[in-house]
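The values are calculated or read from the model by the stated rules, or taken from the named source; none is laboratory data. Please read all numbers here as calculations on a predicted model, not as lab measurements. Methodologically, a virtual Cβ is constructed for each residue, glycine included, from the backbone with ideal geometry; neighbour enumeration extends over all protein chains shown. Side chains included, ligands, DNA and RNA excluded: accessible areas come from the protein's heavy atoms. Shrake-Rupley method; radii C 1.70, N 1.55, O 1.52, S 1.80 Å.
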Amino acid sequence: MATEQETRPTEVTMEEIVALCKRRGFVFPSSEIYGGLGSTYDYGHYGVLLKNNVKAEWWRAMLQERDDIVALDSAILQHPRVWEASGHLEGFTDPLVQCLGKCKKRWREDHLREAVEAEGGDPDAELRCPQCGGELSEPRQFNLMFETHVGPVADEGSTVYLRPETAQGIFINFKNVLSFARKKPPFGIAQVGKSFRNEITPGNFIFRTREFEQMEMEYFVPPAEAQKWHQHWMAERERWYTELGIRPDHLRVRAHGEDELSHYSSATSDIEYLFPIGWSELEGIADRGDFDLTQHAKFSGEKLEYFDQQTKERYVPHVIEPAAGADRATLAFLVDSYEVEEVEGRQRTVLRLHPRLAPVKVAVLPLVSKDGLPEKAREIFQDLRRRLPTEFDEGGSIGKRYRRQDEIGTPWGITVDHQTMDDDTVTLRDRDSLEQVRVPIEGLGDELVGRLEAPWRTPKLD
Ligand code: GAP
């Protein structure tokens with residue numbers, strides 16, 4: 001089994017991705033003017049657009065491309081009994097050890113043992129602090145849920161939790177959805193939203209943070225069909241990543257061992273991606289059985305089951321759950337598309353993002369800031385922006401402006417030059433092939449929309 005320590009054979013490093021994200025305003029450390037708050041990040045303009053596109057593609061795959069899934073947006077704060085029923089109050093814990101030596105740092109015991117094993121050591125041997133070599137405390141179970149209080153008095157009765165997964169909001173709405181959605185198993189409920197976990201060892205940029213966005217879908221199936229649908233969703237989710245440009249050899253599926261399974265799961269497979277930190281979980285696809293519906297039925301007293309009018313059969317559906325992270329997927333798309341290459345003796349950094357993910361689809365650039373070119377370019381920009389996310393940029397040399405667009409992954413560039421003023425044509429530059437063709441302004445919008453909708457595969461596979 002590969003571990004997070006396994007080295008990555010490609011050249012891109014996390015530092016390069018972090019630097020690009022900062023330089024181009026995708027993502028930056030949160031609360032920076034106050035010295036930052038560990039492992040929290042803010043998304044800037046292009047980061048927001050990119051992550052929105054990731055989420056939109058997920059919704060497209062769940063809702064637009066099929067008709068057996070409905071959407072939901074449940075509250076972050078839920079009744080505290082939800083987390084008793086789900087097992088999170090008792091079971092959502094990590095083993096924490098603290099250095100008793102100099103540095104007093106806290107570590108996840110299971111991560112330390114994995115690291116020892118990866119280096120060929122005995123994982124059951126006594127552990128020492130990796131930072132200062134100090135003795136470590138006995139492990140203590142640490143609950144990952146953030147606690148807060150509703151109302152003005154912070155007492156035991158007012159305690160609520162920030163949800164650590166979006167999934168429970170779906171289970172507690174099963175009955176509501178069933179009564180209006182006119183669906184029968186197999187059918188799914190999909191949700192995108194923030195989740196919170198007080199991770200002991202967050203890190204690796206937006207890979208593991210304490211506040212993050214999940215894209216989860218709970219697929220309710222007749223119990224006998226659970227295995228079939230588990231296989232189906234593993235294949236579907238892998239297809240989603242590769243169709244959006246992730247190279248297939250940077251993805252793999254890994255089944256969880258018995259000792260890794262969450263308290264609710266009878267089988268889970270992770271889709272792993274070859275991040276700069278090594279193979280790591282990108283998305284988990286779990287068979288949750290009837291655990292959640294049965295638990296909520298028991299704790300709430302409500303019947304959470306399906307009655308099949310045709311067969312007169314009453315049963316608690318089993319659940320197959322593809323659970324992805326919007327931030328982690330965004331990171332994977334950034335890493336996989338990042339490339340530094342030499343063009344005519346100069347280095348260019350380019351994000352070869354799938355055009356549907358690219359924050360900006362087309363940039364309109366006047367060659368020079370005179371002779372009426374900016375005004376003409378602005379007219380074209382005004383026209384195109386009605387149909388596609390478009391940017392107008394007239395500052396600096398044309399080379400510099402192209403480099404900027406390459407770094408944010410803009411697939412097409414339109415240059416307005418002196419010839420444009422004579423014959424109403426422009427050059428259309430392709431980010432990946434660097435090919436420039438002369439095209440008429442008339443029909444430019446149709447041409448670009450056509451390109452956006454055409455099948456695409458990353459040029460890195462050629
Ligand atoms: N409902 C099941 C569930 O939450 P999970 O494997 O704990 O399963 C699903 O989380 C996905 O959410 C992960 O595969 C990952 O992409 C994302 N995720 C989980 N914890 C995260 C964190 N601390 N920071 C960023 N993303 C996280």
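Laid out as a table, the results:
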quantity: Residue in region 194-206 that is in contact with a helix residue (DSSP H, G or I) (Cβ under 8 Å, 6 or more places away or on another chain) and either on the phi > 0 side of the Ramachandran plot or not assigned by TED's automatic domain parsing to the domain that holds Lys298 (or both) present; calculated: yes
quantity: Residue ID - farthest from the ligand (Cβ to nearest atom), chosen from residues in region 311-349 that are open to solvent by less than 30 Å² (accessible area, probe 1.4 Å) and among the small types (Gly, Ala, Ser); calculated: Ser337
quantity: Selection within region 21-69 - of a type in the set (S, T, N, Q) and farther than 29 Å from Val221 by Cα; calculated: Ser30, Ser31, Ser39, Thr40, Asn52, Asn53
quantity: Residues of region 182-215 satisfying the condition of being away from the ligand (no atom under 14 Å from the Cβ) and open to solvent by 50 Å² or more (accessible area, probe 1.4 Å); calculated: Arg182, Lys183, Lys184
quantity: Selection count, region 118-131, where residues are surrounded by 13 or more Cβ atoms within 10 Å (Cβ to Cβ) and free of Cβ contacts under 8 Å to residues at least 40 places away in the same chain; calculated: 6
quantity: Residue in region 212-228 that is under 15 Å from the mean Cα position of the chain (by Cα) and charged (D, E, K, R) present; calculated: yes
quantity: Matching residues, region 246-271, being over 17 Å from Ala167 (Cα atoms) and in contact (Cβ under 8 Å) with a residue 40 or more places away in the chain; calculated: Ile246, Arg247, His250, Arg254
quantity: Those residues of region 216-229 which are more than 14 Å from the ligand (Cβ to nearest atom) and either buried (at least 17 other Cβ atoms within 10 Å of the Cβ) or among the acidic types (Asp, Glu) (or both), in sequence order; calculated: Phe220, Val221, Pro222, Glu225, Ala226, Trp229
quantity: Meets criteria (within 13 Å of Val362 (Cβ to Cβ), open to solvent by 70 Å² or more (accessible area, probe 1.4 Å) and touching a strand residue (DSSP E or B) at 6+ places or on another chain (Cβ under 8 Å)) for Glu447; calculated: yes
quantity: Phe92 vs. criteria within 23 Å of the chain's Cα centre (by Cα) and not assigned by TED's automatic domain parsing to the domain that holds Ile246; calculated: yes
quantity: Region 160-181, residues that are within 13 Å of the ligand (Cβ to nearest atom), more than 18 Å from the chain's Cα centre (by Cα) and of a type in the set (S, T, N, Q); calculated: Gln168
quantity: Candidates Asp292, Asp270, Asp287, Asp259 - the one that is acidic (Asp, Glu), touching a strand residue (DSSP E or B) at 6+ places or on another chain (Cβ under 8 Å) and more than 11 Å from the ligand (Cβ to nearest atom); calculated: Asp287
quantity: Test: residue in region 257-275 that is more than 27 Å from Val82 (Cα to Cα) and over 16 Å from the mean Cα position of the chain (by Cα); calculated: yes
quantity: Matching residues in region 379-417 - criterion: being aliphatic (A, V, I, L, M) and in a helix (DSSP H, G or I); calculated: Ile380, Leu384, Ile398, Ile408
quantity: Residues of region 140-181 satisfying the condition of being of a type in the set (Val, Ile, Thr), open to solvent by 10 Å² or more (accessible area, probe 1.4 Å) and out of contact with any Asp or Glu (no Cβ under 8 Å at 6 or more places or on another chain); calculated: Thr148, Val150, Val153, Ile172
